[in-house]
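A short write-up of the structure that comes next.
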Amino acid sequence: MKNILVTGGAGYIGSHTLVALIEEGYRPIVFDNFSNSSAVAIKRVEEITGVEVEVIKGDITRDEDLDLLFNAFEFSGVIHFAGLKAVGESEREPLKYWVNNVDGSIKLFAAMKRFDVKNIIFSSSATVYGDRNPFPYKEGMPLGAVPVYGKTKEVIEYALMNLKADGFNSLALRYFNPVGSHKSGKIGENPQGIPNNLAPFITQTLVGKREKLTVFGNDYNTPDGTNIRDYIHVLDLARAHVVALNYLLENEIGFDAINIGSAKGYSNLEVIEAFEKAAGTKVNWEFGPRRAGDLDEYFADATKAKEVLGFEVEYDIEEMAADAWKWQRLNPNGFEEVE
Ligand code: NAD
Ligand code: WQD
């Protein structure tokens, strides 16, 4: 059984990927500092899979933690989710993001080099395409991330591109907007404090934790005036990691970047509608001013994922909404109140 290091494995996308890895016959080893996650997520993964998951508490910015980790296990590959992801916070506290995301990733790569582990999948983001590219976004387009968060993702991609010369074999997966949860409703997105993202804000409003959703802007250049984004079910995204890992372990590619999205755009009002249908009730919402930095519309060109990985999404926005709502309904306070 192949050991796969999963940094940030207790988080939203990481926990769903653990289930997919176990189902594929891999042995994931989680390395997480729990700065934005709960150990309960791991227990829930164990409940879903019936498999005990090895967890090492540690920080990617600490060489001593990484040394202990790499000394304890032999890894066939790494899936690197660990990072901070709040766009607004990254603008207010840029150093925190450069240290955690960039310095942390470089330390992880250096540990991989020391211990001769060369295969890595990196969580990149559609944000690397910046604000000047036409949609749909294609992998060959010039990068130009605008927020600090996006810049950290972009430079980590450049680092991995360079590390080809150090023998690294890496894939940057550029995720679009993940929504949804495992079908069991046992794991899901668990934002701390007020959610930044649309879907968790909607589900928290539906469950009564938030009074009202503000839809940021109604005068964008789109059919209904609200932003259009590419939403992907977290189960599809998790499966993409397994498909990408299988591919990476069998091929010497050096470095490549691949979009993981649905290639379909939904407006904010269409997303609200999908959740209303799932919950069977209206979302309390109103229009407010635009949010700084939001682009009118973008979505993925998903051709490369299909051609290179044979990956295509299975779920649509209605299933994303139904599953995200199930998770929120069963766990109104996320992982907080249990165990
Ligand atoms: P998340 O916050 O739920 O998970 C990230 C995990 O990393 C958390 O468990 C956190 O505790 C851990 N972590 C953070 N800093 C760490 C450190 N220094 N050492 C060890 N562990 C650390 O986020 P997520 O939504 O699951 O995202 C996973 C990855 O995907 C992130 O890198 C994120 O930037 C990227 N991404 C997310 C989205 C999205 O919308 N959710 C979109 C594109 C890319
Ligand atoms: C979606 C739409 C908002 C909240 C972000 C990152 C991106 C990637 C995915 C990590 C926009 C609107 C939101 C609310 C609203 N993450 N909205 N009211 O901005 O497309 O992408 O997450 O890599 O890098 O930028 O996602 O969910 O924040 O917003 O009207 O309370 O919902 O204005 O139009 P976004 P989001």
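The values are calculated or read from the model by the stated rules, or taken from the named source; none is laboratory data. All of these numbers come straight from a predicted model, not from anything done at the bench. So basically every Cβ, Gly included, is an ideal-geometry build from the backbone, and we count neighbours across all protein chains shown. Remember, those area values only see protein heavy atoms, side chains included, never the ligands or the DNA or RNA. Shrake-Rupley method; radii C 1.70, N 1.55, O 1.52, S 1.80 Å.
Structure data summary
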item	result
Of all residues in segment 221-244 being open to solvent by 10 Å² or more (accessible area, probe 1.4 Å) and of a type in the set (D, E, K, R), the one that is nearest to ligand 2 (Cβ to nearest atom)	Arg229
Identity of the residue in segment 34-70, polar (S, T, N, Q), near ligand 1 (Cβ under 10 Å from one of its atoms) and open to solvent by less than 50 Å² (accessible area, probe 1.4 Å), that ends up farthest from His80 (Cα to Cα)	Ser38
Tally of residues being within 18 Å of Glu336 (Cα to Cα) and over 16 Å from the mean Cα position of the chain (by Cα) across segment 1-37	1
Helices (runs of 4 or more DSSP H) lying entirely in segment 28-122 (those with 1 or more residues that are in contact (Cβ under 8 Å) with a residue 12 or more places away in the chain and within 28 Å of Gly167 (Cα to Cα))	63-72, 94-97, 104-114
All positions within segment 9-22 that are open to solvent by less than 10 Å² (accessible area, probe 1.4 Å) and within 15 Å of ligand 2 (Cβ to nearest atom)	Gly14
Segment 134-152 residues that are within 16 Å of Ala172 (Cα to Cα) and part of a loop (DSSP other than H, G, I, E, B), paired with ones that are polar (S, T, N, Q) and at pLDDT 95 or above (beta carbon under 7 Å, 6 or more apart)	Glu139/Asn259; Met141/Asn133; Ala145/Thr127
Subset of segment 158-193 [touching a Leu at 6+ places or on another chain (Cβ under 9 Å), closer than 14 Å to Ser105 by Cβ, away from ligand 1 (no atom under 12 Å from the Cβ) and in contact (Cβ under 8 Å) with a residue 40 or more places away in the chain]	Leu160, Phe168, Ser170
Failed criterion for Asn196 (all others in (1) open to solvent by less than 50 Å² (accessible area, probe 1.4 Å); (2) within 12 Å of ligand 1 (Cβ to nearest atom) hold)	(1)
